[in-house]
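All remarks here apply to the structure that follows.
Only the coordinates and a few stated rules stand behind these numbers; no lab work does. Predicted, not measured: the structure shown is a model, and the values here were computed from it. Here the Cβ positions follow ideal geometry from the backbone for every residue, glycine too, while neighbour counts run over all protein chains shown.
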Amino acid sequence: MADQPLLELSGFDAAIFDLDGVITRTAAVHAAAWKHLFDDYLRAQAGQTGEPFQAFDPVNDYCAYVDGKPRYDGVTSFLDSRGITLPHGDPSDPPERETVCGLGNRKNVQFLKTLDENGVEVFPSTVALMRLLKSLGKKTAIVTASENGRGIVQAAGVTDLFEVMVDGRDARALSLRGKPHPDTFLRAAECLEVLPQRAVVCEDALAGVEAGRAGSFGLVVGLDRVGQADALSAHGGDVVVQDLEALVVRDEAGITWRSATALPSALDRFDDVLERIGQQPVVFLDYDGTLTPIVDRPELAVLAQDVRDVMDTLSRQCPVGIISGRDRKDVTNLVNLDSLIYAGSHGFDIAGPERFALSHEVGTQFSKALDHAEEMLRPLLHPIAGALIERKKFSIAVHYRLVDPGEVSKVEEAVTRAMAESPDLKRSAGKMVFELQPQLDWDKGKALLWLLEGMKWKERRYQPVYIGDDLTDEHAFRELVERGVGIVVEHGSRFSSASFSLQDPHEVKEFLMRLSRHLDSQTP
């Protein structure tokens, strides 16, 4: 962990990302389309001239001559490398015309055909980093030489990740030079209203890192997807990594965020966890995705009996609470243990066992605002297949797990419209869900602190443990940076401020069982 490169956010206001090969896995599609184009063309040339056919190399030729460049520049660059000169032609040239533009248009036809057949995949670590940056108040943009950029991000379902996009069509309309010139990156910084020196550039192409350096951007991160780390450094990359999950992010509050894949396992390092929590832990957990697997519909998340049993045993050894985005009554019925503390609606509604004499509600005055937002949302979301509205006492959750990725932007637009009509509400984001909540400075972290304070658990002999999988659980993890233990439940790409990780609810159960056995062994 110590060797992971550090991204200090105090030095930056924005991050600008390339698209193909950085956000989406379309670089391979581009490389295949270029190979299809040039191999057909070179084979025909060889037949006419009698010279031996030399195929297009989808790694070396792609990286050296076409990657990151505007399409027609890529055609010219590669043909120059083979000593071939063609008239430039016009962008309106049909694909069969033997001009630079004709060949470029032929490549685009092949690319779109492959894209339509196979769809668009994203790099989860890049999406996770972009979500983290946005949640921390940093601006984001996408810069791509592709004239299909907007269609690609729409198909990938990532339109909510950025404020500004500059693609090949914008470059052509504004007469901006393509990479390795910095024009498109500088245009994105201008639209974001940030200085280049206060922005990070993330690129996988040699031309892209060269453009970032030429634009005097504050940090240029090179992504080595094809084994060209030295070349990326030589062309201007300040930091070169194989994947963005290798970065460590430190926010302006001094809190460190790492990819969950880089966090130590709370099971493998169980003794370290015990050392930090001492003999009197106070255990808090999320519900969905933590105690039960993530399911398509909220009502299907049923707690297994063996998990309930270990929770029951543990609650008799130390205080145990559930802090969930669900309504308190809902999660109380699902867990069905009287010995636990329950905080529903992200902590807006709290109650505990009789022995704790615990009760707290925040936000009851916002009921009419939530009613109004719900009335707006239902007709807006009705035409979108898979969109689900879950009305809670203190919030409205809009689930889009079952929505086609290309339709997610419509879900977000509906939520944004409802929020605009309800200034008393704020929006938060979780895993595949948008949530409208009362416009109050209250979250799972604040609820955790309230519980620790109200129950006199702020004394140093009590050490809190919080286990959760959702983005909303980060509020609680941040409160435990200097005291206690945060454990994120995640097996994929996710940046978290937690100290340890568990992969899934099965590992959560195993951790709770070990903790219970440990506490039992300490009983005189």
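Worth a mention:
- Less than 5 angstrom separates the built amide H of ALA15 from those of LYS139, THR140, ALA141, VAL200, all sequence-distant by 5 or more or on a different chain.
- Each Cα pair under 8 Å and six or more residues apart adds its sequence gap; the mean of these over the residue count of the chain is a relative contact order of 14 percent.
- What the phi angles of segment 18-30 give under the Karplus curve with 6.51, -1.76 and 1.60, with θ = phi - 60°, is a coupling list of 5, 9, 5, x, 10, 9, 10, 8, 9, 4, 5, 5, 4 Hz, glycine and proline written as x.
- Relative packing of 449-456, 44-51, 215-222, which averages over residues the other C-beta atoms within 10 Å, highest first: 215-222, 449-456, 44-51
- Protection proxy ranking, peptides 255-268, 340-353, average beta carbon neighbours within 10 Å, highest first: 340-353, 255-268
- Translational diffusion coefficient (Stokes-Einstein; Kirkwood radius from C-alpha pairs) of segment 365-438 at 4 °C, 1.567 mPa s, in µm²/s: 108 µm²/s
- Percentage, to the nearest whole number, of Cα pairs in the chain over 45 Å apart: 24 percent
- Within a straight-line Cα-Cα reach of under 20 Å, LYS368 can be paired with the following aspartates and glutamates, leaving aside sequence neighbours fewer than 8 residues apart in one chain: ASP327, ASP349, GLU390, GLU421, ASP424, GLU435, ASP441.
- Taking max minus min of the alpha-carbon positions on each principal axis, segment 169-318 gives extents of 69, 37, 32 Å, largest first.
- Neighbourhood charge, 10 Å Cβ-Cβ cut-off, centred on ARG177 and excluding it, Lys, Arg +1 and Asp, Glu -1: -1
- Dipole of segment 190-309, positive direction: furthest Cα of GLY227, ILE294, VAL248, with charges on the beta-carbon: VAL248
- Segment 122-248 - Rg (one decimal) and Dmax (whole number), Cα, Å: 13.7, 38
- When the Cα positions of GLN54, ILE341, LEU380 are compared along the charge dipole of the chain, ILE341 comes out farthest toward the positive end, with charges on each C-beta of Lys, Arg, Asp and Glu.
- Expressed as a whole percent, the proportion of Cα-Cα pairs in segment 220-296 lying more than 21 Å apart is 58%.
- Peptides 503-512, 125-134, 172-181, 83-92 ranked from most to least packed give 125-134, 503-512, 172-181, 83-92, packing being the mean of other C-beta atoms within 10 angstrom over each peptide's residues.
- In the chain, the DSSP beta bridges split such that about 35 percent are antiparallel, to the nearest 5.
- Dividing the summed -39500 (n - 2.57) terms of all DSSP H runs of n ≥ 4 by the residue count of the chain sets its mean residue ellipticity at 222 nm at -11500 deg cm²/dmol.
- For segment 343-353, the Karplus equation 6.51 cos²θ - 1.76 cosθ + 1.60, evaluated at θ = phi - 60°, returns couplings of 10, x, 6, 6, x, 6, 9, 10, 8, x, x Hz by residue, with Gly and Pro reported as x.
- For segment 27-118: rounded, prolate or oblate by the Cα gyration tensor [a/c cutoff 1.5]: rounded
- Between GLN437, LEU174, PRO87, the Cα set farthest toward the positive side of the dipole of the chain (charges on each charged residue's Cβ, about the Cα centre) is that of GLN437.
- In a reduced charge model with +1 at each Lys and Arg Cβ and -1 at each Asp and Glu Cβ, the chain shows a dipole moment near 780 debye about its Cα centre.
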